[in-house]
C-alpha cells in the first residue's frame with residue numbers, strides 16, 4: 001500500500017524531527033561535549049554494531065524464528081540508538097546531555113555500519129534474501145530527522161532563550177502527538193502480522209530486547225544516570241531506520257510488519273524501564289542542569 005507507506009514516512013519524520021528539536025532546546029553545546037568526552041564511545045559502538053547483531057542472529061537461530069521475523073530483528077539490531085532515547089532519558093531523569101550527544105552521533109555511524117551489518121548478517125539467516133542499500137539516502141534521512149533538529153534546538157537555546165521558552169512545550173506536544181498517530185497508523189496497517197505472531201517469537205524478541213538492555217547497562221561506566229542512557233540506547237533500536245530499510249528493500253512482504261511488532265515491544269520495554277527508574281530507581285538528577293534553562 002504505497003499511500004499507507006507515505007503516511008507512515010511523513011508522520012514518523014515529523015515526529016522524530018520535532019522530538020529531537022525539543023530535546024535540543026533543553027541543552028547547551030558544552031553539556032553535550034562534556035558528556036561525549038567522558039563516554040567510552042568506541043566500546044558502545046562496538047557493542048551496538050557487533051555484539052547486539054550477533055545476539056539477534058543467535059536468538060533467531062536457537063529459537064528457530066521464521067525468516068521474516070529473523071530479518072526484522074536483524075534490521076533493528078543494525079540500527080542502534082532510537083531518537084526517543086533522549087526523551088526517555090528526560091522522563092527517567094537520566095543524563096540528558098549524554099543521551100542527546102550519542103543520539104546525534106550515531107546516525108553518521110549507522111549510514112556506514114548498518115548496511116555492513118545487514119549485508120554480512122542476512123546470508124546467515126535461513127531463507128533471507130540480500131538487501132540493497134542507499135547509504136547516502138539513509139544518511140540524509142538520519143541527518144534531517146535527528147542530527148540537524150538537535151543542532152538547531154541547541155543553537156536556539158543558546159542564541160534566543162526567549163524564543164526557546166515559547167517554542168518548547170507546544171513543540172513537544174505536537175511531536176508527541178504525531179508520534180502517537182504514526183504508531184497507531186502503522187499498527188493498524190500491520191495489525192494482522194502483529195496478532196499472528198506466535199508466543200515463541202514474542203519471547204525471542206523480549207529476550208533480545210532485555211539482553212541488549214543489560215549489555216548497555218554493563219558498558220555504561222560509573223554513574224547510574226549514564227548507565228541507564230547507554231542501556232536505553234542499546235535496547236531501543238531505531239525503528240524508523242529499520243522500517244525505512246524494510247519498506248525500501250522488502251516492501252510487500254511480512255518483514256515491515258515484523259519490524260513494527262518488535263518496535264512495539266521496544267517501546268513498551270523502554271517505557272517500563274523509564275517508569276521503574278523514574279519512580280523507584282536511582283534518582284539521577286542530571287536533567288536538573290538543563291531544566292535550569294526553562
Practice problem: Restrict the check to segment 183-206 and report whether at least one residue is touching a residue at least 24 places away in the same chain (Cβ under 8 Å), part of a loop (DSSP other than H, G, I, E, B) and farther than 18 Å from residue 13 by Cα. | Solution: yes
Exercise. Please specify each residue of segment 158-182 satisfying the condition of being over 21 Å from residue 239 (Cα atoms) and in contact (Cβ under 8 Å) with a residue 60 or more places away in the chain.
Key: 158, 161, 164, 165, 167, 168, 171
Quiz item: Can you name every residue in segment 211-225 that is without any contact (Cβ under 8 Å) to a residue 60 or more places away in the chain and either within 17 Å of residue 96 (Cα to Cα) or surrounded by 15 or more Cβ atoms within 10 Å (Cβ to Cβ) (or both)?
Solution: 217, 220, 222
Quiz item: From 55, 65, 75, 36, which residue is modelled with pLDDT of 85 or more and surrounded by fewer than 21 Cβ atoms within 10 Å (Cβ to Cβ)?
Solution: 55
Quiz item: Given the conditions (1) touching a helix residue (DSSP H, G or I) at 6+ places or on another chain (Cβ under 7 Å); (2) more than 13 Å from residue 77 (Cα to Cα), which single one is not true for residue 213?
Solution: (2)
Quiz item: What's the number of the condition residue 170 fails, among (1) modelled with pLDDT of 80 or more; (2) surrounded by 13 or more Cβ atoms within 10 Å (Cβ to Cβ)?
Solution: (2)
Self-check item: From the options 184, 163, 203, 124, residue that is farther than 20 Å from residue 241 by Cα, modelled with pLDDT of 75 or more, out of contact with any helix residue (DSSP H, G or I) (no Cβ under 8 Å at 6 or more places or on another chain) and surrounded by fewer than 17 Cβ atoms within 10 Å (Cβ to Cβ)
Solution: 203
Quiz prompt | Within segment 1-120, helices (runs of 4 or more DSSP H) holding 3 or more residues that are within 16 Å of residue 239 (Cα to Cα) and more than 15 Å from the chain's Cα centre (by Cα) | solution = 2-24, 67-77
Exercise. Working carefully through the options 290, 258, 249, 269, find the one that is at pLDDT below 55 and either farther than 13 Å from residue 90 by Cβ or assigned to a helix (DSSP H, G or I) (or both).
Key: 290
Practice problem: Please tell me if residue 146 is under 15 Å from residue 84 (Cβ atoms) and modelled with pLDDT of 80 or more. | Solution: no
Quiz item: Mind checking whether some residue in segment 131-139 is in a helix (DSSP H, G or I), touching a helix residue (DSSP H, G or I) at 6+ places or on another chain (Cβ under 6 Å) and at pLDDT 80 or above?
Solution: no
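The values are calculated or read from the model by the stated rules, or taken from the named source; none is laboratory data. What you are looking at is a predicted structure, and each value in this text was computed from that prediction instead of being measured. With ideal geometry, Cβ positions are generated from the backbone for all residues, glycine too; neighbour counts draw on all protein chains shown.
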